[in-house]
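Some notes on the structure that comes next.
The values are calculated or read from the model by the stated rules, or taken from the named source; none is laboratory data. Quick caveat, the model's predicted, so the values are computed rather than measured. Counting neighbours? That spans all protein chains shown, and the Cβs are built from the backbone with ideal geometry, glycine included. Side chains are part of the model used for accessible areas, which takes the heavy atoms of the whole protein and leaves out ligands, DNA and RNA. Shrake-Rupley method; radii C 1.70, N 1.55, O 1.52, S 1.80 Å.
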Amino acid sequence: MMRDEEEEEGVVIIIREYDPSRDRAGTEAVDRECDVGPTGGMSLHADLLGDPVARIRHSPDYLMLVAETTSGATGGRIIVGIIRGTVKSVATGKSCPGAPAVASVGYILGLRVAPSHRRMGLALRMVRRMEAWFERMGAEYAYMATDKSNEASLRLFTVRCGYSKFRTPSLLVHPVHAHRRRVPRRAAVFRLGARDAERLYDGRFAHVEFFPADIGAVLGNQLSIGTFLAVIDDDGRWRHGEWRGAERFLASPPASWALASLWDCGGVFRLELRGASRLRRAAAAATRALDRAARWMRVPSVPDFFRPFSGWFVYGLGGDGPDAAVAAEALFATFVNMARGRAAAVAVEVAACDPLRRRIPHWRRLSCTEDLWCMKRLGRVGESDGWDWARSPPGLSIFVDPREV
């Protein structure tokens, strides 16, 4: 078991691997402390359903570390910090000739330090411990994601840990209503089997940044709802025909199409919006009541975000052709309709320059138009010769692994 002990300002703090037999209550307490939102405002809270490892459990290799110290009042051990990490092989996007097509990367998420133990260097220690594990697992790069307004997190990673600002994808979120969303009539939508889905992804998207080497495991995961293909079918050839398999599609693809898969985040965590006023709750409830009673009016109702709810995540979105964005819109509208009665919102994360994003329906108030990913190359100074993915220009698309949402 990984373990180290160090004294910070007279307090002995041990960093070790998470032990589910004794650490669950302590890690949940730290998560609750760090989830407290701004005074008088609304904040989004996540419930990991009693499993602190839930957000990383489906990754090929994962680790959760806890920081613990001795309680001055009781003399018992208390957890004051947590960090989670995963390692996997992904595509680099190959932004220049001779660059490696695949790299092993470590992803840091869920870094939390109890308010009582902040400004003691604990977060830095935990990050360094996680990076050391990444290197032992063969990772060449480490990256993390945060909101661009999180100044404390950015200072830690970019100033103290040597990460570079890397990518700025957009998280686009659409609520689920009682009424159905209109799907563009020009599009025909097919549901694909897992084998065909894997073949299409490997055949057309294996070069996309962060495309996972184990895409088959992602598609075959119990939380993956399915993979869908939308084809712009102006002449009716696809609408009235049957799906003839991935090989025929790859040999003679339509002029415009889009592909995407769905992930049920409700199997990992539930979200809840807290701090809303009674008036805001009542107004939202009124929109839902009207939407249910008169669906033909297509009221943009607000789901009940004020109680624990599930969300669906769209991953592996990509396409080709002059009307690929219309096909992407058809897929997203189909997913929102599928989610009725099963989830409160559907989300997708796309690259800043992705041409498909312009037609993806979303609510600005629920979305984050500029998330921030930071990355650094691992290894000692002087060992990082040649091309550095962490400093490469962005591509048009990016693959966001649903196992790490």
Exercise for review: Of all alpha-carbon pairs in the range 309-405, indicate the percentage at a distance above 22 angstrom.
Suggested key: 41 percent
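Say a site is exposed when it is one of the GluC sites (Glu not before Pro), sits in a DSSP loop, and has at most 16 other Cβ atoms within 10 Å; what is then the longest site-free stretch of the chain? Mind dumping the intermediate values first?
Working: sites that count: E9, E242, E370, E383.
Result for the longest clean stretch: 10-241.
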Study note, to complete from the structure: Loop-resident trypsin sites (Lys or Arg not before Pro) in the range 199-264 with no more than 15 other Cβ atoms inside 10 Å, DSSP not H/G/I/E/B, are R237, R239, R244
Check your understanding: Rg and Dmax of the range 171-368, Cα atoms, in Å?
Key -> 17.6, 57
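For D47 and C353 in the same chain, what is the full-extension length gain: residue separation times 0.36 nm, less their Cα-Cα distance, in nm? Mind showing how you got there, number by number?
Values: separation 306, 0.36 × 306 = 110.16 nm, distance 3.25 nm.
So the chain would gain 106.9 nm between D47 and C353.
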Revision key, fill the gap. Asserting the computed 222 nm helical MRE of the chain (DSSP H runs at least 4 long, -39500 (n - 2.57) per run, divided by residue count, to nearest 500) equals -6000 deg cm²/dmol
Review point. Tally Lys/Arg at +1 and Asp/Glu at -1 over every other residue whose Cβ is under 14 Å from the Cβ of F210; what's the total?
Key: -4
Review point. Computed FRET efficiency, Cβ-Cβ of L279 and A54, R0 25 Å: what is it to the nearest 0.05?
Key: 0.15
Practice item. First select every other residue whose beta carbon is under 12 angstrom from the beta carbon of M42; then total the charges, Lys and Arg +1, Asp and Glu -1. Key: +3
Revision key, fill the gap. Among chymotrypsin sites (Phe, Trp or Tyr not before Pro) in the range 287-377, those in a DSSP loop whose Cβ has at most 13 other Cβ atoms within 10 Å are W363
**Study point:** Fraction of antiparallel bridges per DSSP, the range 104-230 only, in percent to nearest 5
**Key:** 50 percent
Exercise for review: Would you look at the GNM of the chain, springs on alpha carbons closer than 10 Å, and say which of V268, V299, V66 moves the most?
Suggested key: V299
Check your understanding: Accessible area per residue of the chain at 1.4 Å probe, in Å²?
Key -> 48 Å²
Practice item. Once every Cα of the chain carries one equal point scatterer and solvent is ignored, give the base-10 log of I(q)/I(0) from the Debye formula at q = 0.06, 0.09, 0.13, 0.14 Å⁻¹, two decimals. Key: -0.27, -0.60, -1.18, -1.33
Practice item. For W387 paired with Q222, estimate the spin-label separation in nm (one decimal), with each label point 7 Å from Cα along the Cα-to-Cβ line. Key: 4.0 nm
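Note the full-extension length gain between D214 and R155 as 0.36 nm times their separation in residues minus their Cα-Cα distance, in nm to one decimal.
Working: separation 59, 0.36 × 59 = 21.24 nm, distance 3.30 nm.
Taking D214 through R155 to full extension adds about 17.9 nm, to one decimal.
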Practice item. Could you calculate the contour length gain from R365 to D234, that is, 0.36 nm times the residue separation minus the distance between their Cα atoms, to one decimal place in nm? Key: 43.7 nm
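Carbon and sulfur: what percent of the chain's accessible surface (1.4 Å probe)?
Here it works out to 49 percent.
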Review point. List the trypsin sites (Lys or Arg not before Pro) in the range 276-358 that DSSP assigns to loop (not H, G, I, E or B) and whose Cβ has at most 14 other Cβ atoms within 10 Å. Which are they?
Key: R298, R340, R342
Study note, to complete from the structure: For A294 and A25, extending 7 Å from Cα along the Cα-Cβ vector and measuring point to point gives, in nm, a value of 5.3 nm
Check your understanding: Can you give me the Cα centroid spacing of the range 322-384 and the range 201-222 in angstrom?
Key -> 16 Å
